[in-house]
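Visitor: I have a structure I would like to understand better, so I am pasting it below and will then ask my questions one at a time.
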Amino acid sequence: MQLLPTDVVQRASRNESETIWVSERLIVALCDGLDETRLRRHCRHEYSKTVPQHRRKQDIMPDTGAAWRFAKIKGAWYYDLKSIPDKAPAKYRSRLPETETLLALHQQSLTESRQSELETMVKRSLKADYKGFLPAYAGHTTAQAEGLAKAAAVLHVAHEYARDQALDLRRMEFYSDFGAIVERLQVGYLPSNPRRLKEKLVRVLGGEVVTEVVTLPRAGNENAKKYDDPQIIAWLMTMRASGVNTTSTHIARQISLLCALYEKNAPSFTWLEHYLARPEVKQLTSLTRYGVGGRRALPWKAYVPLAGAAFSGDCWMMDGTRVNFIEYSEGDNKWQHMMVVMVYDVHSGAFLGRAYGKAENRWLYTEALAKAATTAGYLPFEIVSDRFPGYNTPEWQATTGKLERAGVQVHVTHKMQGKARLERAIDTVQMIGMQGSDKYYGQGVQSGRDYAHRAEEVLATMRKRAKAEGWNADRCILEAEKAFEIYNNTKYSEYSRERRTIELSPLELHRQSEKPHTSKHEWYELLHFYGLSKKIALRGQGMIVTEILKVKYTYVIAAAHYATIKAHKEVVMYYDLEDLTRVQLFSVAADARDEQFLCEATEQQAVQWHGPSKDGPAMGQARQRIRQWQDAQEAEMSELAALAKGTEDRLLMGQLHDKQTREQAESAYFADRPTVPAKRRVNPDQDADYVLSDNDIRGQY
């Protein structure tokens, strides 16, 4: 039985011992009666029923004790060896080898597929390690310098291998093996003949520098003709330094024409090529040739080194870019790319907030900033962004104005290097989180790396498969979020050379870092910085009815805020589309920065009051809130009425009091007055005198 290196995977988690996962390919090959369809429709489906709903989207299913526990590892299906059932008559587990045998076969497969140690070291040096030898060959052409550097790196690796292994270099076996590797990998500027290799390696062992041993053939030959005519060199330098940036062939033709006109001996193209490759020529001509701001001119331009942020929250960078997944469609055959706006913490390297949409605009920047502030729970010392579409709109200016008033420094940069750390982090997200996805199409169109782009045939297959799977915006966002989460939760030591000693992920580093320069704010304050807002009129007894995204919402204010809210006819309501269960109310002001927080309002769901689903408790709670508002209003009126303490005022206010209050005030009035003796007065309308009675007195008041 032949095992592939990918047929067995051994993994250990925090809560269980090491788990042995067997590939679906091996199980189908060894178990008759099982195929991919049965495993998908029956085995995985039945096991999923035993897993809680919120954990069914995990790549590795939790162990519930049921049969056929499965996992998706690097895009392939695997099954827990100990969960494969062995019930009669199928006895699937018995058809597989025992655990020890299976592991031994897997180890043998890995050993057979693994290359020799020396060849592995040579391949690694040819891939990346040779770059350290390039400066020694600065005077050569690019192709020559790269070939010589690779040859020097390979010879250096062979020297270190022979020294570390304490090999007997008097025997020819090592040189034969080394020569076979050089011939198989086609290493230039190194002979494959064992005796010639031995000569070079012996020189290195004798103390010579490896870059002096590996040289161009016929190096040091002084028979070549030299051109030292200063006028020819002046013509050459002037043409190379021109911003027109013509080819070396064109320069050679022009030099030949000038030499013919001035009756000079024209240099050969080889001489011109070697002269243009000199360091002093590149130093003098690169800035004007490529332009001061050009990418190719950067190695020849001095800069001021900048230290990174010392603490989390010292600086956040914001930028938008295309999500490098294939196009998606919403079922209308219009295929488009997804855009993402990110908020990046410079110190920890964590992406704290992300927002997705069809185009990069101010709303995505606001949403990404909102998610970052909500996740982090603070506002940073500084925010840096570029001139994105909408950076100068009133909406974004209002947001930045609030942030600046809160002490946040907001900077807009137009330089390519203004967000260099964020640009490199985006590249790392692609390398770590996106390359494993079958929807990733490669890096940007300007990238010249060998691994930057997929073949057209592969892209066509990817688009066809995505269309059949119903690839849409939601799935694209989920796939992108998965890539960002992988990056945020992967330790730096697993992939970074610069931070290989840091055993923390970006999110862990952000959590553990001190944040002395940040500012803590309540949730309503953060919402005031980035939330959406609308001016709205208050209804009676703390009720708000409004529409958000064409959906009707009802919000209510607790009676505890009666004193705060009673004097406001209109308020500014701030809300977050991610959580519409509560909104924050601010006072109306001409400048949004002058708005003052009033209180919070919570959503009031419509109470079901008909049919068998009648919700009595909800109705009781709603009525209780209204009664509390009524009690607050009545309490205020009672306080106002208590100020009118004099009985005369109560008598004069007449119908504003009830009957009992009026009668009590009237009785108290006559009880307090001194006795009035009966007096006679002449009634001008009658001849007889009459006595002024109590009723007459009462009528006067």
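Visitor: In the range 443-476, which residue that is closer than 30 Å to Thr375 by Cα and open to solvent by less than 50 Å² (accessible area, probe 1.4 Å) is modelled with the lowest pLDDT?
Guide: It comes out as Gly444.
Visitor: Has the range 492-507 got any residue that is within 20 Å of Met431 (Cα to Cα), open to solvent by 70 Å² or more (accessible area, probe 1.4 Å) and of a type in the set (Lys, Arg)?
Guide: Scanning the range 492-507 turns up at least one residue that is within 20 Å of Met431 (Cα to Cα), open to solvent by 70 Å² or more (accessible area, probe 1.4 Å) and of a type in the set (Lys, Arg).
Visitor: A follow-up question, please. Given (1) of a type outside the set (Ser, Thr, Tyr); (2) surrounded by fewer than 16 Cβ atoms within 10 Å (Cβ to Cβ); (3) at pLDDT 90 or above, where does Leu379 come up short, assuming only one miss?
Guide: Of everything listed in (1) of a type outside the set (Ser, Thr, Tyr); (2) surrounded by fewer than 16 Cβ atoms within 10 Å (Cβ to Cβ); (3) at pLDDT 90 or above, Leu379 misses just condition (2).
Visitor: Among the listed residues Gly436, Gly418, Gly390, which satisfies the condition of being in contact (Cβ under 8 Å) with a residue 60 or more places away in the chain and either on the phi > 0 side of the Ramachandran plot or of a type in the set (Gly, Ala, Ser) (or both)?
Guide: Gly436
Visitor: Something else: Among the residues of the range 561-585, which ones are outside any strand (DSSP E or B) and closer than 15 Å to Gly540 by Cα?
Guide: His561, Tyr562, Ala563, Thr564, Ile565, Lys566, Ala567, His568, Lys569
Visitor: What is the one condition in (1) free of Cβ contacts under 8 Å to residues at least 40 places away in the same chain; (2) of a type in the set (Ser, Thr, Tyr); (3) in contact with a strand residue (DSSP E or B) (Cβ under 6 Å, 6 or more places away or on another chain); (4) open to solvent by 20 Å² or more (accessible area, probe 1.4 Å) that Thr546 does not satisfy?
Guide: (4)
Visitor: If a residue must be open to solvent by less than 60 Å² (accessible area, probe 1.4 Å) and either within 18 Å of Tyr130 (Cβ to Cβ) or out of contact with any Phe, Trp or Tyr (no Cβ under 7 Å at 6 or more places or on another chain) (or both), how many such residues does the range 173-196 contain?
Guide: The number of residues fulfilling the criteria is 14.
Visitor: Leu81 versus (1) over 30 Å from Thr270 (Cα atoms); (2) surrounded by 17 or more Cβ atoms within 10 Å (Cβ to Cβ); (3) over 39 Å from the mean Cα position of the chain (by Cα): which is the lone unmet condition?
Guide: Failing condition for Leu81: (3).
Visitor: Show the residue pairs meeting these rules: Cβ distance below 9 Å; 6+ apart or different chains; first residue within the range 455-469 and over 12 Å from Tyr440 (Cα atoms); second residue open to solvent by 80 Å² or more (accessible area, probe 1.4 Å) and in a helix (DSSP H, G or I).
Guide: Going by the 9 Å Cβ cut-off, the qualifying pairs are Glu469/Arg475.
Visitor: Name the one entry in Glu16, Glu24 that is within 38 Å of the chain's Cα centre (by Cα) and at pLDDT below 90.
Guide: That would be Glu16, the only listed residue that is within 38 Å of the chain's Cα centre (by Cα) and at pLDDT below 90.
Visitor: Considering the range 401-455 alone, what residues qualify as being closer than 17 Å to Gly313 by Cα and either over 16 Å from the mean Cα position of the chain (by Cα) or among the basic types (Lys, Arg) (or both)?
Guide: Within the range 401-455, Leu403, Glu404, Ala406, Gly407, Val408, Gln409, Val410, His411, Lys419, Arg421 qualify.
Visitor: What pairs come up if the first residue lies in the range 606-631 and is within 22 Å of Tyr553 (Cβ to Cβ) and of a type outside the set (S, T, N, Q), the second is open to solvent by less than 90 Å² (accessible area, probe 1.4 Å) and part of a helix (DSSP H, G or I), and their beta carbons are under 7 Å apart, counting only those six or more places apart or on different chains?
Guide: Between residues of the range 606-631 that are within 22 Å of Tyr553 (Cβ to Cβ) and of a type outside the set (S, T, N, Q) and residues that are open to solvent by less than 90 Å² (accessible area, probe 1.4 Å) and part of a helix (DSSP H, G or I), the close pairs are Val607/Ala618; Val607/Met619; Val607/Ala622; Trp609/Met619; Arg625/Ala559; Trp629/Ala559; Trp629/Tyr562.
Visitor: Mind telling me which of the residues Ala88, Ala67, Ala71 ends up being in a loop (DSSP other than H, G, I, E, B) and surrounded by 13 or more Cβ atoms within 10 Å (Cβ to Cβ)?
Guide: Only one candidate passes the filter, namely Ala67.
Visitor: Pull up the range 27-40, narrow it to residues that are surrounded by fewer than 19 Cβ atoms within 10 Å (Cβ to Cβ) and under 39 Å from the mean Cα position of the chain (by Cα), then point me to the one that is farthest from Ile84 (Cα to Cα).
Guide: Taking the candidates together, the pick is Thr37.
Visitor: Of everything in the range 199-225, what is at pLDDT 85 or above and among the aliphatic types (A, V, I, L, M)? Give them in sequence order.
Guide: Across the range 199-225, the qualifying residues are Leu201, Val202, Val204, Val209, Val210, Val213, Val214, Leu216.
Visitor: Could you say which residue among Ala671, Ala642, Ala688 is modelled with pLDDT under 55 and loosely packed, with under 10 Cβ neighbours inside 10 Å?
Guide: Ala688
Visitor: Considering only residues that are among the aromatic types (Phe, Trp, Tyr) and in contact with a Gly (Cβ under 7 Å, 6 or more places away or on another chain), which ones fall in the range 344-397?
Guide: Scanning the range 344-397 gives Tyr378, Phe381, Phe388, Trp396.
Visitor: Now for a different question. Inside the range 154-210, can you point out the residues that are hydroxyl-bearing (Ser, Thr, Tyr) and assigned to a helix (DSSP H, G or I)?
Guide: Passing the criteria: Tyr161, Tyr175, Ser176.
Visitor: How many residues, within the range 524-543, are open to solvent by less than 40 Å² (accessible area, probe 1.4 Å) and assigned to a strand (DSSP E or B)?
Guide: Matching residues across the range 524-543 total 1.
The values are calculated or read from the model by the stated rules, or taken from the named source; none is laboratory data. The model shown is predicted, which means the values in this text are computed figures rather than measured ones. Ideal geometry is used to build each Cβ from the backbone, glycine not excepted, and the neighbour counts take in all protein chains shown. Keep in mind that these areas ignore ligands, DNA and RNA; they rest on the heavy atoms of the full protein, side chains included. Shrake-Rupley method; radii C 1.70, N 1.55, O 1.52, S 1.80 Å.
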